[in-house]
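Worksheet for the structure shown next.
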Amino acid sequence: MQEADIVVVGGGLSGLYAALTLRDAGRSVIVLEARERVGGLTYSPLSKVLGSRVDLGGQWAAPRHQRMSRLIARYRVPLVKQFIDGQRACLQDKDTYFGPMGTVPGLSAKETEEYGSGIKRLYDAMDGLAENPWESQDAARLDSMTFASWIDQVAMSERPRASFFRMPGAYYGALAEEISALELLHKLRSCGGPLWMSDANEGGQSRHMMGSQLVSEGIAAELGDAVHTSSPVRAISWSADSATVRSDSIAVRCKRVICATSPAMISQVAFDPPLPAPRRLLHQRFANGRNTKAAIIYERPFWRDRGLNGNIIATDGSLTATYDLGGEAPRYGILIALFTGRPAYQIDALTPEMRRTKVLGLLAQALGPEATQPLEYMDQVWANEEWSGGASSPFLLPGAMTTIGADLRSACGPIHWAGTHMSSEFRGYMEGALAAGEAAANRVLAEK
Ligand SMILES: Cc1cc2nc3c(=O)[nH]c(=O)nc-3n(C[C@H](O)[C@H](O)[C@H](O)COP(=O)(O)OP(=O)(O)OC[C@H]3O[C@@H](n4cnc5c(N)ncnc54)[C@H](O)[C@@H]3O)c2cc1C
């Protein structure tokens, strides 16, 4: 049996950053990661055509994401300004509309005005929340409804209303019909609000990495042989001040444990004694959403010839969005396509070959027939991933935040919690994962 001060369960960004923080403070740490790779929801396979990495998980990181920005610089991860010169396309059934970024091409002036009023209502609701959302004046009411019920209170016609329904999917993979309104509003607030989050000019989508997994790999390299991959944790036995963590490859006795996986994954670990009821109930009330991402490489960015910037959205719910990742002067055409929330349910039901045909068909509707002839196509269905069970971020169901949300960060004896869903800033994002990892490490360090 090995020994360490702290065992971290999960080698995603949150667990790795917790381990780095503890190691830098002089503690001995062991990280146990189930997959054969580190990075969790940051996953950047090699593109054979590009000869470099492409991201099928987290990717955009703005300067406001301070921890992430420091690590990007530290590990020299390629960072590219989002290309947005030209018009975006919007799919509506068989039709395609074109217009400037920041607008929804094809919406009438009345629909655009209704959408704007809805956004104002959303910001008013977000701004009224307390830092601990369960302490907000309106907490009980907002937590008693799904975001779909919240939308019902705003007078909007069909298409602006549908845009609001897609919001939880776009940002967290969730359906409006399942996520607590309080949870969604708090998540959006913690991430800077939807207007900033989706702003590809100056905001949350203004810069993207080409290889976000390089950050996780960089931290893992610093931690060296303290990181064990292919080592899924199956059991944790614990007392007031120590624990033994058993994975498929190793058993470690330690003083503290930080669990940095999604709650759905933690529920598969056998705890002895069992976790206290509030904690178990909390884990059961976190759901995972759906998020499927494709990367498509072309000989050249042919859409730019027609004044298009490669950004496609859809008011018919066929896809969430596509983006041109080539930057200013690309050698190849590089697109990524996102299917999140309800569009992911549709695409995930297809075979890999049918998925490819479907994605290329949608691209061709907006960009022209050349879109059906890529040099390379890759995709990742996150719902099929054994050690994630969905993406892009665990979210709470109605009623949970106001009843057991206050237990979110409490330790259970020697067991502490991390993961992006635990963060009070940029919750659901890579920056949130780092912040939650750092906070968990600091809570451990603050103990005697
Ligand atoms: C398609 C997609 C697009 C995204 N886009 C963005 C974006 O542009 N910008 C952004 O900031 N964020 C984005 N995100 C979200 C971001 O990637 C995540 O919030 C972040 O990476 C989560 O990190 P984490 O460490 O909290 O969790 P995870 O990455 O889920 O890490 C948990 C780790 O625990 C491991 N594990 C699970 N069970 C066990 C076990 N029993 N034993 C040992 N290990 C276990 C898992 O294998 C995993 O490695 C995106 C996510 C996806 C999927």
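The values are calculated or read from the model by the stated rules, or taken from the named source; none is laboratory data. The structure presented is a predicted model; accordingly, all values stated were derived computationally and were not measured. Don't worry about glycine lacking a Cβ; one is built from the backbone with ideal geometry, like all the others, and counts go over all protein chains shown.
Things worth noting here:
- In the range 1-20, the residues that are farther than 11 Å from SER216 by Cα form Cβ pairs under 7 Å with partners that are of a type in the set (Ser, Thr, Tyr) and more than 9 Å from the ligand (Cβ to nearest atom), at six or more places apart or across chains, as follows: ALA4/SER28; ASP5/SER28.
- Of residues in the range 266-303 being basic (Lys, Arg) and within 18 Å of ALA371 (Cβ to Cβ), the one farthest from the chain's Cα centre (by Cα): ARG300
- Residue tally, condition touching a residue at least 24 places away in the same chain (Cβ under 8 Å) and closer than 30 Å to LYS81 by Cβ, over the range 200-239: 21
- Extreme residue, surrounded by the most Cβ atoms within 10 Å (Cβ to Cβ), among residues of the range 395-429 that are over 25 Å from THR146 (Cβ atoms) and more than 15 Å from the ligand (Cβ to nearest atom): PRO414
- Test for GLY307: is it out of contact with any Cys (no Cβ under 6 Å at 6 or more places or on another chain), at pLDDT 95 or above, surrounded by fewer than 19 Cβ atoms within 10 Å (Cβ to Cβ) and over 19 Å from LEU50 (Cβ atoms): yes
- From ARG70, ARG27, ARG76, residue being more than 11 Å from the ligand (Cβ to nearest atom), under 18 Å from GLY437 (Cα atoms), of a type outside the set (S, T, N, Q) and part of a loop (DSSP other than H, G, I, E, B): ARG27
- Residue that is surrounded by the fewest Cβ atoms within 10 Å (Cβ to Cβ), among those in the range 4-30 that are touching an Asp or Glu at 6+ places or on another chain (Cβ under 8 Å) and over 22 Å from MET68 (Cα atoms): SER28
- If the condition is being part of a loop (DSSP other than H, G, I, E, B) and surrounded by 14 or more Cβ atoms within 10 Å (Cβ to Cβ), then the range 104-127 contributes VAL104, PRO105, GLY106, LEU107.
- Taking the criterion of being among the hydrophobic types (A, V, I, L, M, F, W, C) and away from the ligand (no atom under 12 Å from the Cβ), the residues of the range 209-235 that qualify are MET210, LEU214, ALA221, LEU223, ALA226.
- ILE179 being touching a residue at least 60 places away in the same chain (Cβ under 8 Å), within 15 Å of the ligand (Cβ to nearest atom) and among the β-branched types (Val, Ile, Thr): no
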